[in-house]
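Down below is the structure, laid out as structure tokens.
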Amino acid sequence: MERRTFLVLTASAAGLAGCTPDPEPEPRPTVAPSTAGPADPDGQLRARVAAGELGLIAAYRSGIESNPGLAGELEPLMADHVAHLGRVAPGTSAASDPSSAAPSAASDPSSAAPSASASTTGEPGATPTATPPTTSRRKTLTGLAEVESLALAERTSACDSAQSPALARDLCLIAASEAQHAQALRDLRKGLGS
């Protein structure tokens, strides 16, 4: 037999051998493919910033509740924080229970301010006043300016930690907004007089 014929027959035999059914392979454990996609490298950072924004929203709500006369000035600032929340954590609701992310009593602007129903003129037999005293409004504005300043420092630090350039840009813009809020609150406090 010629060598060429031998090679053709060997190749044909090998091809036929490949057509015969193999015994059933033993089942191997498999891991189902994840449908969640890759994990967000900024997930924890987003969660921290979202919690901070929820805390700011809660602080503004508390400030407005204790000082309804400041609502016109405070509501637009609070709306900015709702927008910030939407940028860093889409789908997170600002209507979430704010008490879980509310700032501590030390930084809660209304914690040091008496409520409207508890305010009195100090005269015997006086009834509670409907409007909080200027002192309460000043304390509220000072407290909000302080939490805005803390948030500014946190967002500035977060800018450096972000893996995503888009998130870093958003955090820088949010930090600038919080710096503006802190200054606006200080100016508003000055406008109340001493």
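Largest accessible area first, the listed residues 172, 159 line up as 172, 159 when surface is computed with a 1.4 Å probe on the assembled protein chains.
Quick check of the Kirkwood formula: for region 145-194, what is the inverse mean of 1/r over all pairs of different Cα atoms, in Å? Over region 145-194, the inverse of the mean reciprocal pair distance is 11.4 Å.
Relative protection proxy for 47-53, 181-187, 143-149, 160-166, from highest mean packing down: 143-149, 47-53, 181-187, 160-166 (other beta-carbon atoms within 10 angstrom). Summing Lys, Arg as +1 and Asp, Glu as -1, what charge do residues with Cβ under 12 Å from the Cβ of residue 141 carry, residue 141 excluded? Spelling it out: positives minus negatives among the neighbours equals +2. For residue 163 and residue 79, the difference between the fully extended length at 0.36 nm per residue and the C-alpha to C-alpha distance is 27.6 nm.
The values are calculated or read from the model by the stated rules, or taken from the named source; none is laboratory data. Predicted, not measured: the structure shown is a model, and the values here were computed from it. Virtual Cβ from ideal backbone geometry, glycine too; neighbours counted across all protein chains shown. These area figures cover heavy atoms from the full protein model, side chains too; ligands, DNA and RNA do not enter into them. Shrake-Rupley method; radii C 1.70, N 1.55, O 1.52, S 1.80 Å.
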